[in-house]
Amino acid sequence: MQFRDLKTQYTVLKDEMDKAILDVVASGAFVMGPKIKEMETAFAEYVEAKHCVACNSGTDALLLALKAWDVKEGDAVFVPSFTFFASAEVIAMQGATPVFVDVDRDTFNICVADLERKIEQTLKAGKLKPRVIIAVDLFGLPADFKAIRKIAEKYNLYVLEDGAQGFGGRIGEQKACTFGDISTTSFFPAKPVGCYGDGGAVFTDNAEWAALIESYHIHGKGSDRYDNVRIGMNSRMDSIQAAVLLVKLKAFAEHELEDINKVSARYTEKLKDIVKTPIVPEGFYSSWAQYTLQVENKEVRNGLQAALKALDIPTAIYYPIPMHRQTAFNYLNINDNLCPVSDQLADTVISLPIHPYLTEKDQDMICEAVCNYLTK
Ligand SMILES: *Cc1c(COP(=O)(O)O)cnc(C)c1O
């Protein structure tokens, strides 16, 4: 059994996918070219954003957003401690200071009460200038952007939505990757919509920022790529990846997003009475980048993982080390007791296999194995 079965997906999409890839090869337009524009238009239309800039990874997408806002040394950027390293890494890459915020135990997303506390503490310390809130749509569930937006307005901060795992999620009718002043996603193969390598995108309704990001992602280009008006980077998306994504987006919109929601609903139905299953608040819709259970403690978690492994059921721990305990951030000298919920989650979470092609037979086998272990 696969944790996220990309092989079966390829088998289903094979004819269309092979043609899309070979068409790019035959065209010779490997870098930039018409496929990139086509992909950017399709993805912007899907999420209903005015601008989409395709780039080389979800990490670069975040970095490009911070560059557009000129986030730099002396700036504070608020980011959840329970996330993938890249969400926080990009802040340090810009020379700014990450301020780690705890998360909500039910949604795994940034805790707005702690966010406000950390902003107040930063202002009181008077050393850093609060600039940006990075809110992550962890495991596919959009963060509480209504509350986040209120805080952003109160303190005059930008909101950057890290939608690397959130593509396809919604709050009401509004789609993920439109909740930030700038929003980003990742097309790493295992994300809700993945390409066949690295890829990412930046979304915004702001034409000025979109133009800056367009420039930064191609060596700070001005009127053309040999006219360089700012220090940028090389973060173009490959044309082949754009072609792959156009095929993947179609399948995602037509059935995959609904199918994965059926899997998660079935998991929850079968597991909710014996273990803490993921909570999707009223009006929210998840794209289920992960389906993550919480058990009592680390021993039970590790025991469950071993028991499932013995039955050839792959699982994953997202994430075993919260940001405020990462060695790379030792230089910040942060207080260890800063994010207790993140600490607790790091010890108690376990993610089950989930993807749109997971059969009911496999779902049942997985649920039975989880139940057997936890009720034994
Ligand atoms: C995957 C991920 C990223 C980085 O995306 P890459 O495409 O791997 O660079 C950033 N943030 C979160 C929350 C992610 O899950």
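Throughout, read-outs are computed from the coordinates displayed, never taken from laboratory work. Keep in mind it's a predicted model, so treat the numbers as computed, not measured. Note that we place each Cβ from the backbone using ideal geometry, even for glycine, and neighbour counts take in every protein chain shown.
State log₁₀ I(q)/I(0) for segment 236-277 at q = 0.20, 0.30, 0.34 Å⁻¹ as given by the Debye formula over alpha-carbon point scatterers of equal weight, solvent excluded.
-0.67, -0.92, -1.00
Against the empirical 2.2 N^0.38 Å scaling, what ratio does the C-alpha Rg of segment 55-179 come to?
Dividing the Cα radius of gyration by 2.2 N^0.38 Å gives 0.97.
With just the Cα atoms of segment 167-217, tell me how far they stretch along each of the three principal axes, in Å, largest first.
Largest to smallest, the principal-axis extents are 31, 31, 9 Å.
List every residue whose amide H lies under 5 Å from the amide H of residue 287, counting only residues 5 or more places away in sequence or on a different chain, with H placed 1.01 Å from N in the peptide plane.
Answer set, sorted by chain and number: 141, 169.
Which Rg and Dmax, in Å, describe the Cα atoms of segment 12-67?
Answer for segment 12-67, Rg first and Dmax second: 13.6, 40 Å.
Please list 327-339, 32-44 highest first by mean number of surrounding beta-carbon atoms within 10 Å per residue.
32-44, 327-339
For segment 271-311, what Kirkwood radius comes out of the mean inverse Cα-Cα distance, in Å?
Result for segment 271-311, one decimal place: 12.0 Å.
What pairs in 118/298; 7/262; 124/154; 146/262; 118/150 have C-alpha atoms more than 18 Å from each other?
Exceeds cut-off: 118/298; 7/262; 146/262.
Which peptide among 363-373, 294-304, 79-89 comes first, and what is the full order, when sorted by highest mean count of other Cβ atoms within 10 Å?
Top to bottom by mean Cβ count within 10 Å: 79-89, 363-373, 294-304.
Mind checking the log10 I(q)/I(0) for segment 1-110 at q = 0.16, 0.22, 0.23 Å⁻¹? Debye, one equal scatterer per Cα, no solvent, two decimals.
Cα-only, vacuum Debye calculation for segment 1-110: -1.01, -1.17, -1.19.
Give the residue from 369, 334, 241 lying farthest towards the positive end of the charge dipole for the chain; charges sit on Cβ (+1 for Lys and Arg, -1 for Asp and Glu) and the dipole is referred to the Cα centre.
So the residue furthest toward the plus end is 334.
Any idea what the alpha-carbon Rg over 2.2 N^0.38 Å comes to for the chain?
Against the compact-globule rule of thumb, the ratio is 0.99.
If only Cα atoms are counted, what is the Rg of segment 284-345, and what is its Dmax, in Å?
Cα radius of gyration and Dmax of segment 284-345 are 14.8, 42 Å respectively.
Taking the Cα atoms of segment 245-333, report the difference between the largest and smallest coordinate on each principal axis, in whole Å and largest first.
The Cα atoms of segment 245-333 stretch 46, 35, 31 Å along the principal axes, largest first.
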